[in-house]
Amino acid sequence: MFDIGWTEMLVIAIVMIVVVGPKDLPKMLRTFGRTTAKMRGMAADFQKQFNDALKEAELDDVKKSVDSLRSLNPAAEIRKQLNP
C-alpha cells in the first residue's frame, strides 16, 4: 500500500524511539494499531452501506423495468396494427 522498504521502516523506528522514547513507544504503537483497526472497520462499514444502497437502487430500476414490461400487451399491439 505505502511501498515502504525495510530501510525506511528502520529509519521510522529510530525516529520514533528518539521522539517518543522507548518507555512510551509500546503504548503509542498499541493506540495507533487500535485507531487504525477502528478506521478500517469504519471504512468497511461505509463501503458495505454504499454497496447495499447501490444494489437497492439497481433493484428499484429493475422492478420499474419489469412493471413497464408487464403493462405491455403484445397481442393488442399486433391487433391494432393489423386492423386499421
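For the stretch 1-35, the list of chymotrypsin sites (Phe, Trp or Tyr not before Pro) that fall in a loop by DSSP and count at most 14 other C-beta atoms within 10 angstrom reads Phe2. Comparing the chain with the 2.2 N^0.38 Å rule of thumb, its C-alpha radius of gyration ratio is 2.53 (two decimals). Relative to the longest principal axis of the Cα atoms of the chain, the long axis of helix 6-20 makes an angle of roughly 60 degrees.
Calculated [222 nm] ellipticity per residue, helices only, for the chain: -30000 deg cm²/dmol; basis is -39500 (n - 2.57) per DSSP H run with n ≥ 4, divided by all residues, nearest 500.
Sequentially through the stretch 59-66, phi angles give Karplus couplings (6.51, -1.76, 1.60; θ = phi - 60°) of 5, 4, 5, 5, 4, 5, 5, 5 Hz, Gly and Pro residues having no value and appearing as x. Could you calculate the FRET efficiency of Asp3 with Lys80 from 1/(1 + (r/R0)^6), where r is the beta carbon distance between them and R0 is 41 Å, rounded to 0.05? For R0 = 41 Å, the calculated efficiency reads 0.05. Run the paramagnetic zone check for Thr31: 7 angstrom along Cα to Cβ, then residues of the stretch 3-22 with backbone nitrogen under 20 Å. Flagged as within label range: 12-22. Taken over the C-alpha atoms, the stretch 21-68 has Rg and Dmax values of 20.8, 69 angstrom.
Every number here is computed from the coordinates shown, using simple stated rules; none is lab data. Note that the structure is a prediction, hence the values are computed from the model and not measured. Neighbour counts are summed over all protein chains in view; Cβ atoms, including those assigned to glycine, are modelled from backbone coordinates with ideal geometry.
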